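The values are calculated or read from the model by the stated rules, or taken from the named source; none is laboratory data. Being a predicted model, the structure only gives us computed values, none of them experimental. Ideal geometry is used to build each Cβ from the backbone, glycine not excepted, and the neighbour counts take in all protein chains shown. Note: accessible area is taken over every heavy atom of the protein model, side chains too, but ligands, DNA and RNA are not part of it. Shrake-Rupley method; radii C 1.70, N 1.55, O 1.52, S 1.80 Å.
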Amino acid sequence: MTGVNDDVPDGIPADVPDGIPDRVSDGVPDGAPGDVPAGVPADVPGRAAAGLPGGGPADVPDGRELLRVEGVTKSFPGVRALDGVDLSLRGGEVHVLLGENGAGKSTLIKMLSGAHRPDQGRILAAPGPEGPDAGPTTEPTRPGTRPGTRPTTKPTRPDAPPDGGLREVHIRSAQDAERLGIATIHQEFTLVPGLTVAENLFLGRQPRTRLGLIDKKTMRTRAAELLRRVRLDVSPDTPVAELGIARLQMVEIAKALSLDARVLIMDEPTAVLTSEEVETLFGIVRELRAAGVGILFITHHLEEIGALGDRVTVLRDGRSVAQVPASTGEDELIRLMVGRDIAEQYPRQRPDRPGPPLLRVRGLTRHGRGTGPVFRDVDFEVRAGEVVGLAGLVGAGRTEVARAVFGVDPYDAGTVEIDGERLARGDVRAAMRAGLGLVPEDRKGQGLVLDASLQDNLTLARLNRDTRGGLVDRGAQRRRAATVAEQLKVRMSGLAQPARTLSGGNQQKIVIGKWLLADTRLLILDEPTRGIDVGAKVEIYQLINELTASGRAVLMISSDLPEVLGMSDRVLVMSQGRLAGELTAEEATQDAVMELALHTAPDTDRARPHETNQDKAPDTDHGNHPDKSAMEGSDVR
């Protein structure tokens, strides 16, 4: 383990669009404020910061400069991922890096953490905690390096003059970054499932006894201290494989804190956290900032920027196009990020009158193992042409119900019907034949074959239809895949590109496109926009509109409550494994949803349409209400 995403081969971009030109054609003429000269950092005192768009230069914190990127360029075959990016980070600041999926954020982060090397430009850093010569140094890359090739570098003289206290470095590995005091919390987890929490926290850095043996007692003690710091109530001896996504993220954060880094890079750290966990993380970040740590913070949640950030650097199409204060309004940040104004964040086009029921669920129940039912007596229907949102608290059972409806997980009682035809229990193939599709919460682990091509992923759900006499019609597959990729505006180098090399937003488009090619009539979307930038979100919302306008339907599960309210025609709220109530679009407000989500006896006050008073369960539980902060969704804070 190196602390970086080792499953991405060196030289393959993770977030790059196809065919990016040397200059961005976004309506900003050459020489306008949008053009930041390569090699001129926009935020170094005495440089041309005032020429940046977005309200003038950001306020530069007073802390010592720890890290600077000047005119960095990175190309892969056929694609320029970074094109003259400038950035600086000072001690005691939270510098937000903002941009669409595919803007180059991941490539830049991997460069700073040692996974990629720049073709041109340079990286400067303050001497690391292990001494002034802790990090390797390199001469500036020669201009004109051919894209897609590695530049030839050689060490500089040890007495090379510093640049404002910084010296030029070449970060070849995660160990180099660590020696320079740079730690990275990657969006993709780097934990080893077969090891315990403590073993993961100190992997490769285990404390030793005088005899050279691993000091497990000391390791567990230090691990317990780190876990308390991030308020994670798990034992250091817990196997990582037993933890959920949110807890895995907190372990990753604890691991980064164990390095005592001076520069901390956080890539989408709040994407899978509850609001309570987000507040815990924000408290940790503020403590680190007060201690003089420089934090590079990547997020797609715009409301987090003003709450936590000091400055914002905006990337678009691989270029740093603006640096603005963190107090900049959301509309201006969106315009800088996507290069255009977005008139409406949730552009739902609601039908005048929904069609007949496509999906009908009755009495769906799944028994738990000694802790009560996973879900019980769940009844609802989804009609043609409508979007039905499913909201609830952590552990309410929303994802479990969706997986049971699709046949992935078993259930013990109840029925699922499509167009009045009952589906076999636990039969995914039958669900697909009936026109159901599922975009899972974990798109990488469950929605994609990461090492397969985009063409193979897009056509996977209709493989049987494309096969004749045991042979796959690859030509027909290619034509269909190209059509849907163009329809969804997937940013790619070609259909042969491996799915793992796409950005998160483009990966999500591939998962959705797979079900479009399968002629899905009812699509279940579980966290459809998690970790996706605002521009890609709007594109997915427009796709939802197109689906429902064609007579299809969507069941949407989301932890982003404003998203549920903005895009749903009806909202179903689950609480403790039961359906607490249903709200129309007009009735659905954050307060109304929270009131139902916090209800401990869901059906004492609100009977379902087919239910009689005799069918209601008695109200026997009057305590132990979950806290509002347990609401899944970083937007409910």
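Details
- Breaking point among (1) within 17 Å of Gln576 (Cβ to Cβ); (2) in a loop (DSSP other than H, G, I, E, B); (3) in contact with a Phe, Trp or Tyr (Cβ under 7 Å, 6 or more places away or on another chain), for Leu364: (2)
- Of all residues making up the range 376-398, the number that are farther than 27 Å from Ile245 by Cα and either open to solvent by 20 Å² or more (accessible area, probe 1.4 Å) or not in a strand (DSSP E or B) (or both): 6
- For the range 483-501, taking the residues that are of a type in the set (A, V, I, L, M) and in a helix (DSSP H, G or I), the one that is farthest from Gly535 (Cα to Cα) is identified as Ala499.
- In the range 548-560, the residues that are surrounded by 21 or more Cβ atoms within 10 Å (Cβ to Cβ) and either among the aliphatic types (A, V, I, L, M) or without any contact (Cβ under 8 Å) to a residue 40 or more places away in the chain (or both): Ala553, Val554, Leu555, Met556, Ile557
- You will find that of Asp176, Asp215, the residue that is surrounded by fewer than 21 Cβ atoms within 10 Å (Cβ to Cβ) and either farther than 29 Å from Thr299 by Cβ or modelled with pLDDT under 90 (or both) is Asp215 and no other.
- Of everything in the range 419-434 that is in contact (Cβ under 8 Å) with a residue 40 or more places away in the chain and in contact with a Gly (Cβ under 9 Å, 6 or more places away or on another chain), the residue that is surrounded by the fewest Cβ atoms within 10 Å (Cβ to Cβ) is Asp419.
- The residue that is modelled with the highest pLDDT, among those in the range 532-547 that are within 18 Å of Lys444 (Cβ to Cβ) and either part of a helix (DSSP H, G or I) or open to solvent by 10 Å² or more (accessible area, probe 1.4 Å) (or both), is Ile540.
- When every residue of the range 135-144 is checked against the conditions, at least one turns out to be at pLDDT below 90 and among the charged types (D, E, K, R).
- Some residue of the range 307-330 being under 22 Å from the mean Cα position of the chain (by Cα), within 21 Å of Gly566 (Cα to Cα), surrounded by fewer than 22 Cβ atoms within 10 Å (Cβ to Cβ) and not basic (Lys, Arg): yes
- Ile265 meets each of the listed conditions (1) touching a Ser or Thr at 6+ places or on another chain (Cβ under 6 Å); (2) farther than 20 Å from Arg90 by Cα apart from (2).
- Subset of the range 491-517 (residues that are touching a Gly at 6+ places or on another chain (Cβ under 9 Å), open to solvent by less than 10 Å² (accessible area, probe 1.4 Å) and closer than 22 Å to Arg403 by Cβ): Gln507, Gln508, Ile510, Val511, Ile512
- Count of the range 568-602 residues which are open to solvent by 40 Å² or more (accessible area, probe 1.4 Å) and modelled with pLDDT under 90: 5
- Candidates in the range 182-212 are the residues that are farther than 28 Å from Gly91 by Cβ and among the hydroxyl-bearing types (Ser, Thr, Tyr); of these, the one that is surrounded by the most Cβ atoms within 10 Å (Cβ to Cβ) is Thr196.
- Qualifying residue in the range 234-243 (condition: over 19 Å from Leu191 (Cα atoms) and open to solvent by 10 Å² or more (accessible area, probe 1.4 Å)): no
- Which numbered condition Val416 misses (of (1) open to solvent by 50 Å² or more (accessible area, probe 1.4 Å); (2) in contact with a helix residue (DSSP H, G or I) (Cβ under 9 Å, 6 or more places away or on another chain)): (1)
- Residues of the range 236-280 that are aliphatic (A, V, I, L, M), under 30 Å from Leu166 (Cβ atoms) and out of contact with any Phe, Trp or Tyr (no Cβ under 6 Å at 6 or more places or on another chain): Ile253, Ala254, Ala256, Leu257, Leu259, Ala261, Val263, Leu264, Ile265.
- Beta carbons closer than 7 Å, at least 6 apart along the sequence or on distinct chains, pair a first residue in the range 459-479 that is open to solvent by less than 40 Å² (accessible area, probe 1.4 Å) with a second that is assigned to a strand (DSSP E or B) for Asp466/Val472.
- Within the range 147-173, considering residues that are of a type in the set (D, E, K, R) and either under 27 Å from Ala271 (Cα atoms) or at pLDDT 55 or above (or both), the one least open to solvent (accessible area, probe 1.4 Å): Glu168
- Set side by side, the residues Pro351, Pro373 differ, and just one is touching a strand residue (DSSP E or B) at 6+ places or on another chain (Cβ under 7 Å) and surrounded by fewer than 22 Cβ atoms within 10 Å (Cβ to Cβ), which is Pro373.
- Among (1) open to solvent by 40 Å² or more (accessible area, probe 1.4 Å); (2) small (Gly, Ala, Ser); (3) under 24 Å from the mean Cα position of the chain (by Cα), the one test that Gly437 misses: (1)
- In the range 573-593, the residues that are in contact (Cβ under 8 Å) with a residue 60 or more places away in the chain form Cβ pairs under 8 Å with partners that are open to solvent by 70 Å² or more (accessible area, probe 1.4 Å) and part of a strand (DSSP E or B), at six or more places apart or across chains, as follows: Val573/Glu582; Gly577/Arg376; Arg578/Arg376.
- Residue that is touching a Gly at 6+ places or on another chain (Cβ under 6 Å) and in the same structural domain as Val571 (by TED's automatic domain parsing), where the choices are Gly397, Gly389: Gly397
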